[in-house]
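Q: Can you keep this structure in mind? I'll have questions shortly.
Laboratory data are not the source of any read-out in this text; all were calculated from the coordinates shown. Quantities reported herein were computed from a predicted structural model and do not represent experimental measurements. Here the Cβ positions follow ideal geometry from the backbone for every residue, glycine too, while neighbour counts run over all protein chains shown.
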Amino acid sequence: MATVSSTGTAMSSDSAQKSELSREDQTLLLFAGLMEGGKKDDETVSDLDRLTKVLNDDVEAVKKGETSICSLIDSDCADTLLGYLDMRQPDIVRGHATLTTSSYLKAAGDDGAQKLSEFFYDRVRRGTYDDYIVAFCVAAAVFPIVPELTAELFLSEGFLSSLGPLMRRKWKSRKVETACLDMLNVACMNAACREAVQKYCIEWLEEIVDQDPDDVVKDMFAANPDGDLGEGSISMRRHSRQVQNLAAVILAKLKATIPPQLPTKVEELSKSGSGRVELATTSIETLSRMFAGLLASNPDQGGSNAVEGLAYASLQPTVKEELAKDDELLKNLVSTLKSAQPRSPITYGTLSIFSNMTRYKPPQSEEQKRLGQLKAYANAAGNTANQKPDPLDDDSHVSARCQKVFAAGVLPVLVSHSKNGSVASLSLIIGIIHAMSTTQKLRGQLAQQGAVRLLIDAWNALASAEGANSRADTAQARRTAAHALARILISVNPSLVFGGTRPTPISAAIRPLASLLKQDDESSNNLLPTFESLMALTNLASTDDDTRSGILRVTQTDVEELILSNNDRVTRAAIELVCNLVQGPEGISMYADGSPAARTRLNIMVALADAEDEGTRNAAGGALASLLAFENVVYAVLARERGIQIILGLCSASESEDLRHRGAVCIYSMIMCDGETGKKAKAAVKAANGVSILTESAKASRRAEVVEVTVCALKELLDDEQQLLEG
């Protein structure tokens, strides 16, 4: 290795000569340069990037049957590479070294895993501050890369139990403590590691968080009244604020994700009179207030810890309520999100806080509720508190929190972040807006501040991401975006939403809404998105013929299936959509072109006008009132068995004013039809006792428009009889 180190610099500046070297020679030269040290950061980063490429190429070369270069990478080389993960290295170097380490572990396989294990155990065994720092930093950096291997190192016998004495030493090393807590913080992503941290580290983590730095100084002077404090500065005898913040974040993760354990052993000792008192613990609410204060007082330096801690603490209902009541904190969080870089941990953490605060409990079918109750009884083991959901997470509390988050001005910031965010961040943004759209009075304001355009763009953006990743969570995010869009478009005037100086075309909303009409196994139990999508499409269909045509092209088959749904509300909403669609030429053609398909559709519509559900009859009657202005439709209704009787049934005096109005319009349109069809219609109405039914309807009605059209229909029928008598 030493023989080639002197040529490393020359080789890095001569790209032509470097390209002629074999992969083995490039590897040796790059490691020689990294071992040399004393370089500028950009030179080190360049060497690391080239080594990353060589390692990535090696994976492909091995697939083709070539020999791996990893056999050249001995323990010294691995130690050199892992040493660049030290927290004392510049951030840019550590970042690129992490990518290189990931490529090495992938290329080297079991040999790389073994060298990583040897490095970690050797450094921990040495036990100096420098060795601890590097070992902890390496563990923290590689945990997301090889979580199973790192968890095995982390959970090795005696390791976690040795951290307590290290952190409780009289002389504090801030770098050792910071590196140790960084490692614990990352390790908490693993369930087994979290439980181990809870078992071995919880006491001294509580001590760190609970320590008052001023009390340390007082205790020192109390022990040495003469002022002789011995060797070392005061700062070396107490934990730094940064260390306290990190410990608080870890505690928040533990308390938010691990259910509290019953203090069985402590209780036994207490009963036996041993005098042992249970250690005081820091509540999750206290931790959240600590994070809130940190965010307010020092957002630049402590913002990352505060956001991460609150992201976990806000999983608890009591913390959600506290956050929602703190207007200043909500504004600080919005400001933090506004200034955060896209795709950064602070962005994702802040979005997680708002997501936790606004998340509703998922809807459950009756069967799911029963299964949940049975499971609660089985798991309760006599603890009745586990059987009851927290009342702070009911719909009224969540709605109030949504309104507080919206009032803090979060939506414009969400719109900004949605343009450059990751799929994960975009999914959180969609979830937040979906939750806020549940509150009806917020929908107009959501539309005004850009939520409609955001949701349409997000739905389209996630379509390509779903195709690339085929992930169920991405598909669910698209469905959530479409559902939020539907809720907003139910409650606003489409001409206002899709107008303005930079309008979004109404057609852009059709496909997202139509996607909710298709049922799958996971969504079949929850028809609310389908119902609300139909309502939103009905609202859009009230605008113009182009929009109606666009809706028909995309949704016709699905809407016809939903008309026959077992759910009355879905059937009603589907017919109401059809009622608006048949106001345009293409919708009329579907029912009035005289084809067998058109007659089938009409037969279904007439049958639904006789349904038990009043809303379904009302919607079907409205559609027929529009369609019966066309001769083919009148002819088809006359040809249907009981067609006239069903239409007259809408006019019954016992029905509502709306139904009587629709029925009267239908009868009037039929008898006013030209030619033989109109004569047949009049005869059929009279034969079905239509004159008497219409007369009773007119007497029972109190609305002028109902009486007017009913009287007009009666006049036509009675005038026709008079003409026959006179003839």
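Q: With all pairs of different alpha carbon atoms counted, what Kirkwood hydrodynamic radius in Å does region 409-449 show?
A: 10.5
Q: Only sites in a loop by DSSP and with at most 11 other Cβ atoms within 10 Å count here; which trypsin sites (Lys or Arg not before Pro) in region 17-87 make the cut?
A: Lys40, Lys64
Q: Can you pull out the trypsin sites (Lys or Arg not before Pro) in region 82-164 that DSSP calls coil and that have at most 16 other Cβ atoms within 10 Å?
A: Filter output for region 82-164: Arg88.
Q: Assign one of three labels to region 551-641, namely rounded, prolate or oblate, based on the Cα gyration tensor with a ≥ b ≥ c the square roots of its eigenvalues; rounded applies when a/c is under 1.5, prolate when it is not and a/b is larger than b/c, and oblate otherwise.
A: Oblate is the answer for region 551-641, as a/c is 1.5 or above yet b/c matches or exceeds a/b.
Q: Could I have the simple spin-label model distance between Leu528 and Ala653, label points 7 Å from Cα toward Cβ, reported in nm to one decimal?
A: 4.3
Q: Show me 614-621, 436-443 ranked by packing, highest mean number of other Cβ atoms within 10 Å first.
A: The packing order, highest mean first, is 614-621, 436-443.
Q: Set the Förster radius R0 to 25 Å, insert the Cβ-Cβ distance between Asp130 and Asp91 as r into 1/(1 + (r/R0)^6), and round the FRET efficiency to 0.05.
A: Efficiency at R0 = 25 Å is approximately 0.80.
Q: Continuing with the same structure: Only sites in a loop by DSSP and with at most 15 other Cβ atoms within 10 Å count here; which chymotrypsin sites (Phe, Trp or Tyr not before Pro) in region 133-179 make the cut?
A: Trp171
Q: What ranking of Arg478, Arg511 emerges when the number of other C-beta atoms within 10 Å of each C-beta is taken as an exposure proxy, fewest first?
A: By the 10 Å Cβ count, ascending: Arg511, Arg478.
Q: Moving to a separate point now. Which whole-Hz couplings ³J(HN,Hα) result when phi for each residue of region 485-493 is put into the Karplus expression 6.51 cos²θ - 1.76 cosθ + 1.60, θ = phi - 60°, listed in order with x for Gly and Pro?
A: The phi angles translate into 4, 4, 4, 5, 6, 5, 9, 10, 6 Hz.
Q: To the nearest 0.05, what FRET efficiency results for Asp122 and Ser464 with a Förster distance of 30 Å applied to their C-beta separation? Mind dumping the intermediate values first?
A: On the way: r = 47 Å, r/R0 = 1.56.
The pair Asp122/Ser464 has a calculated efficiency of 0.05.
Q: Now, a different point. Residues with beta-carbon under 14 Å from that of Ile506, excluding Ile506: net charge, scoring Lys, Arg +1 and Asp, Glu -1?
A: +1
Q: Apply the a/c threshold of 1.5 to the C-alpha gyration tensor of region 117-158 and tell me whether it is rounded, prolate or oblate.
A: It comes out oblate by the Cα gyration axes.
Q: Report, in whole Å, the centroid distance computed from the Cα atoms of region 290-337 and region 669-696.
A: A separation of 71 Å, based on Cα centres.
Q: Also, I was wondering about something else. With the Cα gyration tensor of region 409-578 giving a ≥ b ≥ c as the square roots of its eigenvalues, does the rule (a/c under 1.5 for rounded; else a/b larger than b/c for prolate; else oblate) give rounded, prolate or oblate?
A: oblate
Q: If you take the Cα Rg of region 605-686 and divide it by 2.2 N^0.38 Å, with N the number of residues, what do you get? Walk me through the numbers on the way to the answer.
A: Working: Rg = 11.5 Å, N = 82, 2.2 N^0.38 = 11.7 Å.
Its radius of gyration relative to the 2.2 N^0.38 Å reference: 0.98.
Q: Another question about this same structure. Normalise the Cα radius of gyration of region 582-727 by 2.2 N^0.38 Å (N = residues in it) and let me know the number.
A: Normalised Cα radius of gyration, region 582-727: 0.98.
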